[in-house]
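The values are calculated or read from the model by the stated rules, or taken from the named source; none is laboratory data. Treat the numbers as computed from the prediction; the structure is a model and nothing was measured. Glycine gets a Cβ as well: all are built from the backbone with ideal geometry, and neighbour counts include every protein chain shown. Heavy atoms of the whole protein, side chains included, go into the accessibility calculation; ligands, DNA and RNA do not. Shrake-Rupley method; radii C 1.70, N 1.55, O 1.52, S 1.80 Å.
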Amino acid sequence: MIAKCQLVYIKTFGCQMNEHDSERVRDLLSGRGYRLADKPEDADVILFNTCSVREHAEDRVYGKVGGFEKLKKTRPDLIIGILGCMAEARKDLIFRKLPHVDFLCGPADLDRVPGIIDKIKNGAGHIMCLGGHESGRLPEFSENRCPGNNVYVKIIEGCNNFCSYCVVPYVRGRERSRPSKEILDEVRRLIEKGAGEITLLGQNVNSYGRGLKEKIDFVGLLKKIDRIASGAKIGFVTSHPKDAGVELFRAMRDLKSISKNLHLPMQSGSDKILKRMNRGYSSEKYKKLVEDFRRMVKEGTITTDIIVGFPGETKKDFEDTLEAIREIEFDAAYIFKYSPRPFAAANKLKDDVPMEEKERRHAVILETQKEISRKKCR
């Protein structure tokens, strides 16, 4: 048995999906007698749930975990684990760069973390628990969640889109939807425990239902959830423009519990770059979606993601993106500088936009969006 005084510290990098995964790992370990440590130095187990979407995210992990090498030498019983996307993407490279790390565990295998820790305590040495997504596995988590007011519910895992810059399909696998009954049962339990805002998660929520035996899509799921929401507010991320449309916007307009906030990543305003990114839509199609959304969801807000400096992005391509941002006037935008990712198809393209120019373009779009946001607040 694990002593009740065992302490675990969990540090999360990246998106809402990772925050959700960390919460579920925390619940599993709480059920095994662990308590959360306020500081990593106080913990018996230190876990880093990681992101591989951008190089900067990985560099932060290497720096943060590397800082615990001295602590590990003074406390050899301390267990350090790296979870999530970076574990899948970098595999044994992590052990070579960070030999004081005890184990790696991918996103599809996170329910195995308590057992892995037990094996490490019994002298198992380095452990890699990876590749669960290749079998279509969805990890099983404890139903005894302890939510606050704002909680996440994962409805679909993985991605089939293979955007050329993105590592997600390679580290989280192909799309796997959870049965609607399972999702509805979880939503009911969370509301009964006091959750007031629930965010449905997926790399592409609009793909929900594909591959399930039951005939259901994302809008159908929203309708079912709306019927049991009991006053809770239901949001969702992320929608892919190639799959979003008027059926979704109608549901956002008509269903009382569903948030009027739409996160719709544009990534670029240049058709040439969108094609190279394998996004599956044109700039005009994207603008038409925004027009339909604002026409149908009168009080709605729309946010987006933008990547600058993608291979082959000329000054004209950048100006097309800047013009699209000025025309659409997003309520908020998350702006990123392109960096090559393992496995992604864009790795075969020359990373030909200098970092200095990426930073300039990033700053220009950031300032443009700030001015748009200031204008909307007047």
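Quick check on my link table: of LYS64/LYS370; LYS72/LYS121; LYS337/LYS370; LYS154/LYS242, which ones sit more than 19 Å apart, alpha carbon to alpha carbon? Flagged as over cut-off: LYS64/LYS370; LYS154/LYS242.
LYS213: which aspartates and glutamates have alpha carbons under 16 Å from its alpha carbon, excluding same-chain residues fewer than 8 sequence positions away? Partners within reach: GLU175, GLU182. Full extension of the segment from LEU349 to GLU371, taken as 0.36 nm per residue of separation minus the current Cα-Cα distance, would add 4.6 nm.
For ASN160, the residues 5 or more places off, or on other chains, whose built amide H falls under 5 Å of its own are GLU175. Computed 3J(HN,Hα) for segment 15-28, one whole-Hz value per residue from the Karplus formula 6.51 cos²θ - 1.76 cosθ + 1.60 where θ = phi - 60°, is 8, 4, 4, 5, 4, 4, 4, 5, 4, 5, 5, 4, 5, 4, glycine and proline marked x. Pairs of C-alpha atoms in segment 79-120 farther apart than 13 Å represent 47 percent of all such pairs.
Residue separation of LYS70 and LEU93 scaled by 0.36 nm, minus their Cα-Cα distance, works out to 6.3 nm of gained length.
Distance distribution P(r), segment 116-241, all Cα-Cα pairs, bin width 10 angstrom from 0: 12, 37, 31, 16, 4, 0 percent.
Across GLU88, GLU327, GLU197, mean-square fluctuation computed from a Gaussian network of the chain (C-alpha pairs under 10 Å connected) peaks at GLU327. Each Cα pair under 8 Å and six or more residues apart adds its separation to the average, and for the chain the resulting relative contact order is 12 percent. Among the listed pairs LYS260/LYS358; LYS39/LYS73; LYS11/LYS193; LYS181/LYS233, a Cα-Cα separation exceeding 22 Å is found for LYS260/LYS358; LYS11/LYS193.
For segment 204-318, the extents of the C-alpha atoms along the principal axes are 50, 35, 19 Å, listed from largest to smallest.
Enter the angle in degrees (range 0 to 90, nearest 10) between the Cα long axis of helix 315-328 and the first principal axis of the Cα atoms of the chain, meaning the one along which they spread out most. The helix 315-328 is inclined about 80 degrees to the chain. Counting only alpha carbon atoms, the long axis of helix 55-66 and the longest principal axis of the chain meet at about 20°. Report summary: the helix-based calculation at 222 nm, which adds -39500 (n - 2.57) for every DSSP H run with n ≥ 4 and divides by the residues of the chain, gives -12000 deg cm²/dmol.
Spin-label pair ARG60-THR303: with each label point 7 Å from Cα along the Cα-Cβ axis, the two points sit 1.5 nm from one another. Scanning residues 5 or more positions from LYS233 or on other chains, those with amide H under 5 Å from its amide H are GLU197, ILE198, with H placed 1.01 Å from N in the peptide plane.
Computed over all pairs of different Cα atoms, the Kirkwood value for the hydrodynamic radius of segment 1-57 is 12.0 Å.
Of the residues GLU58, GLU371, ranked by 1.4 Å probe accessible area with the largest first, the sequence reads GLU371, GLU58. Phi angles across segment 346-360 convert, under the Karplus curve 6.51 cos²θ - 1.76 cosθ + 1.60 with θ = phi - 60°, into 3J(HN,Hα) values of 5, 4, 7, 8, 6, 7, 9, 9, x, 4, 4, 6, 4, 5, 5 Hz, Gly and Pro given as x. Excluding ligands, DNA and RNA, the accessible surface per residue across segment 144-216 is 42 Å² with a 1.4 Å probe. What accessible surface, in Å², does a 1.4 Å probe find on LEU349, ignoring ligands, DNA and RNA and rounding to the nearest 10? The value for LEU349 is about 60 Å².
In the context of the full set of protein chains, segment 15-95 has a per residue accessible area of 43 Å² (1.4 Å probe). Using the Cβ-Cβ distance between ASP77 and ALA332 with R0 set to 41 Å, the FRET efficiency from 1/(1 + (r/R0)^6) comes to roughly 0.35.
For segment 1-112, dividing the convex hull volume of the Cα atoms by the residue count gives 99 Å³ per residue.
Taking θ as phi - 60° and the Karplus parameters 6.51, -1.76 and 1.60, the scalar couplings of segment 89-101 work out to 6, 9, 6, 5, 4, 5, 5, 6, 7, 10, x, 7, 6 Hz in sequence order, x denoting glycine and proline.
To the nearest ten degrees, helix 218-228 and the longest principal axis of the Cα atoms of the chain are 70 degrees apart. Sorted on the mean count of surrounding Cβ atoms within 10 Å across their residues, most packed first, peptides 258-264, 5-11 read 258-264, 5-11. In a fully extended conformation the segment linking HIS126 and ARG188 would gain 18.4 nm over its present Cα-Cα distance, using 0.36 nm per residue. Descending by average beta-carbon neighbour count within 10 Å, the peptides 133-142, 243-252 line up as 243-252, 133-142, the highest first. Keeping all protein chains in position, work out how much accessible area GLU192 exposes to a 1.4 Å probe, and write it in Å² to the nearest 10. Spelled out: GLU192, probe radius 1.4 Å, area about 150 Å².
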